[in-house]
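Report on the following structure.
The values are calculated or read from the model by the stated rules, or taken from the named source; none is laboratory data. Keep in mind the model is a prediction, meaning the values are calculated, not measured. Note that each Cβ is placed from the backbone with ideal geometry, even for glycine, and that neighbours are counted across all protein chains shown. We work out accessible area using only protein heavy atoms, side chains counted, and drop any ligands, DNA or RNA first. Shrake-Rupley method; radii C 1.70, N 1.55, O 1.52, S 1.80 Å.
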Amino acid sequence: MNMRVVGLRAVVMAAGVCLATPSFAQTSDEDAAAEAVETPTAIPIDTSAVTDPVTIAKLTPVVIEILDPLGSKLSNSLDTYRIRLVEPIVIEGMELVPAGAEGMGEVVHAKKAGGMGAAGELVLAARYLTVDGRQLRLRSMELLEDAEGKDRMGTVHTLNIASAAAPIPIGLLGYFIGGGNIEIPAGARASAKLAAPFAITPVSSTAAKAGGEEPASRPQGDMAETTTLTGPEGGTDETEEGLQ
Amino acid sequence: MKIRNVLVASLLVATAAAATPAMADDKVAGSEVVIPDAPEGTGQIVFFRPGGAGFAMGCSVNENGEKISSLGSGRYFVLRTTPGRHEFSVKSEAKDVLALEVEEGETQFAKCKIKMGILMGRPDLAPAKEDEFRKMNKVQLVDADDMGPAPGALRPEEMMAAAVPAAEAEMEVEADAAAE
């Protein structure tokens, strides 16, 4: 539905450009008097088509990066952590949200590993990205690749992890056997989805073209160059250190 | 088209025959349990308890101090609730709390295991993967008597009513695949 809306707007934009361009060519060929008459109707470029808000559909997938180290031992329930958009959100060739937009995630649940082989537990959720001064709400976070740290077990729809526990203890000896803790380094990547539709005005047609050429395959090192909506780049350094 | 319809019909008959025991009180493999989809505006958590240590102990899952359901060894129940953060607790000799983020239209899993305590076992509630539930050899829905008073746990008849459309949809997909 939203894709259709985007598609229609793209057609409107293209039509606007087509209508406007010949009118300029025509005016250059005609005399000044005719131009003065025709200008009011022919010149207006349909800027409203370019700047009309585009709605990004609910459940649109995004790739984010966790900027702070997290862990079942390190984190506490209801802690917040920083996240950043890794890949721009591009729809119909228009870069609507550039990579680098930062936001916030929340530790829904954290419990460090205990005695008796109790495993560490960590449940994370992505809350929002700050885009254009507004909150783009996120949901359904899942870690990607081997981002679950050195101890891993699983992801559900939010990121729910219980670490690999020690073997089931036998007798009182078990009291001193600890389960594993979960560690998630800064720089770990995760997927998430938009929790609600988000209307945004494309930055500009030029930026849209630039962003639309290679939205998903941009190397990580280029992220800082495309960051336009966020503040300090300190997080990038921290991230890269975390990944090494 | 006729072939597809025949396939759907035959698969539905087969499903009805095969699914009925899973809906009833019999034990079935975790892989055979049909979990209904969460309706719009809700999410689900499947709580289950693998067998093993402390099988004689109950694991009563509570939210806001109210019991949602007991969870005996090898049992499971499906909690349907509102999206957002929910805190669940289990208690015996010690209390354990698990918070989960319920997402609309999605199903998560949580398990209760009994750890060794000083005088008695200690229930431990932890996030789990669907695989862990599916690989259980025998699992049985919690009896309706052991559910509540807190709302949300799907009773056996609700599980059956909700699961039949899901099974039909699944069968139609399989029939489409077979027809192709």
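Key figures
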{"read-out": "Condition check for A:Gly71: open to solvent by less than 20 Å² (accessible area, probe 1.4 Å), more than 27 Å from B:Gly105 (Cβ to Cβ), within 12 Å of the chain's Cα centre (by Cα) and assigned by TED's automatic domain parsing to the domain that holds A:Ser191", "value": "no"}
{"read-out": "First in region A:60-89 and more than 14 Å from every other protein chain (Cβ to nearest Cβ), second anywhere and surrounded by fewer than 17 Cβ atoms within 10 Å (Cβ to Cβ) and of a type in the set (Gly, Ala, Ser), Cβ under 7 Å, 6 or more apart", "value": "A:Glu87/A:Ala216"}
{"read-out": "Enumeration of residues in region B:73-93 that are surrounded by fewer than 17 Cβ atoms within 10 Å (Cβ to Cβ), outside any strand (DSSP E or B) and either modelled with pLDDT under 85 or within 15 Å of the chain's Cα centre (by Cα) (or both)", "value": "B:Glu93"}
{"read-out": "Which listed residue, of A:Leu129, A:Leu138, is within 14 Å of chain B (Cβ to nearest Cβ), assigned to a strand (DSSP E or B), touching a residue at least 60 places away in the same chain (Cβ under 8 Å) and open to solvent by less than 60 Å² (accessible area, probe 1.4 Å)", "value": "A:Leu138"}
{"read-out": "Count - residues of region B:100-153 that are open to solvent by less than 10 Å² (accessible area, probe 1.4 Å) and at positive phi", "value": "1"}
{"read-out": "Where B:Asp131 falls short, out of the listed (1) away from chain A (no Cβ under 12 Å); (2) free of Cβ contacts under 8 Å to residues at least 12 places away in the same chain", "value": "(1)"}
